[in-house]
Amino acid sequence: MTFERRRSTLRSTADLIASGLMNSEAADAIEPVLEEFSLAITPHVAEIISSADPDRAVAKQFIPTSSELGVLAKELADPIGDSRHSPVKGLVHRYVDRVLLKVLHTCPVYCRFCFRREQVGTGGEALNSNELLAALNYIAAHPAIWEVILSGGDPLILSPRKLADIQEKLSKIDHVRVLRIHSRVPVVDPDRITSDLVQVLRGGKTTYVVIHCNHPDELTPKALNACAMLADAGIPLLSQSVLLKGINDDPAVLTKLFRTLVENRVKPYYLHHGDLAKGTSHFRTTIARGQELMRSLRGQVSGICQPTFVLDIPGGHGKVPIGPGYLEKKTDWRFALVDPKGETHEYSD
C-alpha cells in the first residue's frame, strides 16, 4: 500500500512496511524497540519522509532503529527530574513563577529522542476531571505562579472544546497572567490548526505557542500556513529545537532552520542539548560541539535568529544556558572579550 492510499497514523511495523517507509527485514529488527517505546508517524510526516527528505533528516527523528536498544548507565527514565517536582498528578512546579501542566500523555508523533518517552505513548492517559481540578486548585493556591505551560503529550491534539474549557478555568485564576503551549502539531499535523482552534487560542489569557521543530525540511508549505494562521491571529510564536547528531548539528542547517522560522514570524527560543533519556545516545552531540555551532552563528546570522543553547540538569535541578563564553575576567576591573571573529580585546570596567 502506498502512502497516498494510507491516511491514518502509522503505529506499527506493518504500517511502516505498507507505507513503503521500511522493508520487512528492517521492521523485524525494530520490533523489540516498539515493545519499549511507542511509534506514531502522521500522514503528513510520512509524506515528507517519502517524498522530500533527501538527507533522511526527518526520517531519523521518527522511524525507530535498533540503536534505541543501547541504553547507557547514565541514561534515565526521568532525565530532567519531573517527578521530584510534581506536587499533584500532571503538574510540575520546578520554578517559582511557573508550572508545567501535563494534561495528557499522547502526541501526534513520537520523537525517537523524546525526554518523556517513558511516560508518553500509545494508551497514555489524560488527566480526568478530578485530577485536572486538583492541579487547578494547586495553581490557584499558589499566587507566585504567573505562567502556566501546557505540555504533555501535545496539548494541541485536544479538541477546541476541551482546550477552551481548560483555558476558561485558568482565566478565573487572577494571578496566572500567561499561558504557554508547547506543541509539535503545526509542523507534524498542520491540518489540526483550524479556525476553531485559533479562536480558542485567542481567548482568555495572553497565549504563546512554542513550536517544536528541528530541521528546515519540517517547514513545509502546510506547516508554514499553520504558523501563519496563528501569527495572523496575533498569537506570539516561539520555537524550540533539540541539537541532534547527524540531523541538524551543522551551521548551514541551523542557519536555514532559524532564518526560515524568523521569516515566518517564529522567534527561535531554545536549542536544547540532548537529554539523558534511555536509548538516545546516538542522537546526542557533545556540549563542545553545541558551543562551537552557536559560536559559528554569532555575528554571521541575525541576532533575532539566535536561540539560547540550554541543558536541563539531570535530577530536576533546572535549565541553564551553556552557550560559548565571550568574557574572561583578568582582574576586578579588567576583562578580555572575544569578538565573533575570534579576536580578543581588552576592556576596563
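Worth pointing out:
- Calculated [222 nm] ellipticity per residue, helices only, for the chain: -8500 deg cm²/dmol; basis is -39500 (n - 2.57) per DSSP H run with n ≥ 4, divided by all residues, nearest 500.
- Extension reserve of the Lys319-Thr331 stretch, reckoned as 0.36 nm per residue once the Cα distance is removed: 1.4 nm
- Applying the criteria of a DSSP loop state and at most 11 other Cβ atoms within 10 Å to the trypsin sites (Lys or Arg not before Pro) of region 165-219 yields Lys172.
- A run of the chain free of exposed loop cleavage sites, with GluC sites (Glu not before Pro) counted only in DSSP states other than H, G, I, E and B and at most 12 other beta carbons within 10 Å, reaches its longest extent at 126-342.
- Theoretical gain in end-to-end length, Ile287 to Lys162 [0.36 nm per residue, Cα-Cα removed]: 41.0 nm
- Percent RCO, i.e. relative contact order, over region 3-54, from Cα pairs under 8 Å lying at least 6 residues apart: 47 percent
- Inter-label distance, nm, simple model (7 Å from Cα along the C-beta direction), Asp28/Thr260: 3.7 nm
- Derived scalar couplings between HN and Hα for region 262-268 equal 5, 4, 10, 6, 10, 8, x Hz in order, rounded to whole Hz, by the Karplus curve 6.51 cos²θ - 1.76 cosθ + 1.60 (θ = phi - 60°), x for Gly and Pro.
- Once you reduce region 291-307 and region 106-154 to the center of their Cα atoms, the two points are 32 Å from each other.
- Legend: ranking of residues Val266, Val310 from fewest to most surrounding C-beta atoms inside 10 Å; resulting order Val310, Val266.
- Distant-in-sequence amide H partners of Lys267 (H built 1.01 Å from N, under 5 Å): Leu237, Leu238, Ser239
- Amide H contacts for Val242 (H built 1.01 Å from N in the peptide plane; partners 5 or more residues away or on another chain; cut-off under 5 Å): His272.
- Of the residues Trp333, Trp146, the one with the fewest other Cβ atoms within 10 Å heads the list, and the complete ranking is Trp333, Trp146.
- Amide H contacts of Ile181 (H built 1.01 Å from N, under 5 Å, at least 5 apart or other chain): Leu150, Tyr208, Val209, Val210
- Under the combined filter of DSSP loop state and at most 11 neighbouring Cβ atoms within 10 Å, region 242-349 retains these trypsin sites (Lys or Arg not before Pro): Lys330, Lys341.
- Entry note: region 67-202 has Rg to Rh equal to 0.98, where both radii use alpha-carbon atoms and Rh is the Kirkwood radius.
- For the chain, the percent of C-alpha pairs falling in each 10 Å distance bin, counted from 0 to the bin holding the largest distance, reads 5, 23, 32, 26, 10, 3, 0.
- Integer Hz, Karplus 6.51/-1.76/1.60 couplings in order for region 338-347, x for Gly and Pro: 9, 7, x, 8, x, 8, 9, 9, 7, 9
- In nm, spacing of pseudo-spin labels at Glu118 and Asn137 (7 Å Cα→C-beta vector): 3.0 nm
- Cβ-based exposure ranking for Leu243, Leu276, in which fewest neighbours within 10 Å come first: Leu276, Leu243
- Shape category assigned to region 184-268 from the gyration tensor of Cα positions, a/c cut at 1.5: prolate
All of the numbers you see were taken from the coordinates with simple rules; none came from a lab. This one's a predicted model, so the numbers in the text were calculated from it and none came from an experiment. With ideal geometry, Cβ positions are generated from the backbone for all residues, glycine too; neighbour counts draw on all protein chains shown.
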